[in-house]
Amino acid sequence: MIPAAHPLSHPAPSQGGAAPPRWQALWREAVRDPRELLGLLGLDPDALGMSDAAAAQFPLRVPRGFVARMRHGDPADPLLRQVLPLDAEMRPMPGFSLDAVGDGAAKAGHGVIRKYRGRALLIATGSCAINCRYCFRRHFPYAEETAATAGWREAVAAIAADPDIDEVILSGGDPWSLATPKLAELTDALKAVPQLKRLRVHTRLPVVLPERVDAALTQWLAALPWPVAVVLHANHAREFDAAVDAAMRRLREAGASLLNQAVLLRGVNDSVEALAALSERSYAAGVLPYYLHQLDRVQGAAHFEVADERALALHRALAARLSGYLVPKLVREVAGDPGKRPL
């Protein structure tokens, strides 16, 4: 389960007592009480199957700017559905486990996961700006397995010791929940690893808290010595707004390639119309559709699952409707496979 840590665990150095960056202040103001969230939307908690037990197991956290994109009075709002703790999460379901994608078996060092040839994934932090209810790492032992421990030394040493690793993936949690000086500490250490050719960042922050893409972050990004792919995570077209568009523009201007990976979620985007709108809206923001994941079968997320037959039908319809570059690959992650498995 994601701990209560927040980005101010690694504060940026202040100059003369200067205030922290605005994104950190907005992070502090995130909604954490499900009843407050539903009150802001004019909804009755008792009518929606909201669960205090689910919220205790995996806490609610959602930035207020993301709440503002939800439809007032709509209990089926697709953005609300992604974050609201429900009774359904507490029902045990066969085939759903604590480690749905085999992270534990793929550990290759402290906070380092090694599943695929040439790539190493760093669990940079356990914190996120938003806690998505379908998160495949909602039960991950972040307290014991975070690469930032001891100044990244063990994680970087594990990468440097393997000459086959030429791409590092920053994941979590959300790596951009760390303050920029902490990120710079990591990438400065990685510069000493000669075989690295690429850096990839998996992040939801530019979508849910676009203020994170500030001048300090883009300066850090632009100065990196490797090509950088930023893999974003948006599941619905209404997650994009003018502030998100501006954040994407700043990332592109800093030299990053932008991709989006979505999860196919029942009640959120399981229609051709929703998936087409997501692809078109992300591309309009300068983000290329990349993956559409079948749900990772993590305990607590069964109510989001879409059957494979339905997923394949939706993907075929999407391919018939959109230009090829707007159609993400439909995939599933299977523990032990050499890559994402196409459906």
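Details
- Count of the stretch 44-67 residues, restricted to those that are open to solvent by 70 Å² or more (accessible area, probe 1.4 Å) and part of a helix (DSSP H, G or I), is 5.
- Of all residues in the stretch 104-127, those being surrounded by fewer than 19 Cβ atoms within 10 Å (Cβ to Cβ), at negative phi and in a loop (DSSP other than H, G, I, E, B) number 3.
- Odd one out for Ile130 among (1) in a loop (DSSP other than H, G, I, E, B); (2) in contact with a helix residue (DSSP H, G or I) (Cβ under 9 Å, 6 or more places away or on another chain); (3) free of Cβ contacts under 8 Å to residues at least 40 places away in the same chain: (3)
- When Leu330, Leu312, Leu318 are checked against the criterion of being part of a strand (DSSP E or B), in contact (Cβ under 8 Å) with a residue 12 or more places away in the chain and over 23 Å from Phe140 (Cβ atoms), a single residue qualifies: Leu330.
- Yes/no for Asp296 being at pLDDT below 95 and acidic (Asp, Glu): yes
- The residues listed here are Tyr283, Tyr325; of these, the one that is farther than 27 Å from Ala68 by Cα, out of contact with any Phe, Trp or Tyr (no Cβ under 6 Å at 6 or more places or on another chain), among the aromatic types (Phe, Trp, Tyr) and without any contact (Cβ under 8 Å) to a residue 60 or more places away in the chain is Tyr325.
- Filtered by the rule that a residue be open to solvent by 30 Å² or more (accessible area, probe 1.4 Å), in a loop (DSSP other than H, G, I, E, B) and under 19 Å from Arg297 (Cβ atoms), the stretch 68-99 gives Arg91, Pro92, Met93, Pro94, Gly95, Leu98, Asp99.
- Close Cβ contacts (under 8 Å, 6 or more residues apart or on different chains) running from residues in the stretch 74-98 that are of a type in the set (Ser, Thr, Tyr) to residues that are open to solvent by 30 Å² or more (accessible area, probe 1.4 Å) comprise Ser97/Arg297; Ser97/Gln299.
Quick grid of which residues meet (1) out of contact with any strand residue (DSSP E or B) (no Cβ under 7 Å at 6 or more places or on another chain); (2) on the phi > 0 side of the Ramachandran plot; (3) among the small types (Gly, Ala, Ser):
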{"site": "Gly286", "(1), (2), (3)": "no, yes, yes"}
{"site": "Gly300", "(1), (2), (3)": "yes, yes, yes"}
{"site": "Leu330", "(1), (2), (3)": "no, no, no"}
{"site": "Pro342", "(1), (2), (3)": "no, no, no"}
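- Candidates are the residues of the stretch 289-331 that are open to solvent by 60 Å² or more (accessible area, probe 1.4 Å) and touching a Pro at 6+ places or on another chain (Cβ under 9 Å); the one that is farthest from Leu275 (Cα to Cα) is Gln299.
- Only one of the numbered conditions (1) modelled with pLDDT of 90 or more; (2) under 27 Å from Arg297 (Cβ atoms) is not met by Arg138, and that is (1).
- Criterion applied to Glu145, Glu185 was being out of contact with any helix residue (DSSP H, G or I) (no Cβ under 6 Å at 6 or more places or on another chain), at pLDDT below 95 and farther than 30 Å from Pro78 by Cβ, and the one residue passing it is Glu145.
- Filtered residues of the stretch 286-308 (kept if more than 19 Å from Val231 (Cβ to Cβ), out of contact with any Phe, Trp or Tyr (no Cβ under 8 Å at 6 or more places or on another chain) and not hydrophobic (A, V, I, L, M, F, W, C)): His303, Glu305, Asp308
- The single condition from (1) under 25 Å from Ala129 (Cβ atoms); (2) surrounded by fewer than 20 Cβ atoms within 10 Å (Cβ to Cβ); (3) of a type in the set (A, V, I, L, M) that Leu178 fails is (2).
- Selection of the stretch 261-277 for residues being under 18 Å from Thr203 (Cβ atoms) and either over 18 Å from the mean Cα position of the chain (by Cα) or open to solvent by 10 Å² or more (accessible area, probe 1.4 Å) (or both) yields Gln261, Val263.
- Selected residue [at pLDDT 95 or above and either farther than 28 Å from Lys107 by Cβ or polar (S, T, N, Q) (or both)] from Val230, Val207, Val201: Val207
- When Ala216 is tested against the conditions (1) more than 19 Å from the chain's Cα centre (by Cα); (2) surrounded by 22 or more Cβ atoms within 10 Å (Cβ to Cβ), the lone failure is (2).
- Taken over the stretch 133-149, the criterion of being open to solvent by 20 Å² or more (accessible area, probe 1.4 Å) and touching a residue at least 40 places away in the same chain (Cβ under 8 Å) is satisfied by Cys135, Phe136, His139, Phe140, Ala143.
The values are calculated or read from the model by the stated rules, or taken from the named source; none is laboratory data. Only a predicted model underlies this, so the values are computations on that prediction, with no experimental measurement involved. Here Cβ is always computed from backbone atoms with ideal geometry, including for glycine, and neighbour counts include all displayed protein chains. In case anyone asks, the SASA skips ligands and DNA or RNA and just uses the protein heavy atoms, side chains included. Shrake-Rupley method; radii C 1.70, N 1.55, O 1.52, S 1.80 Å.
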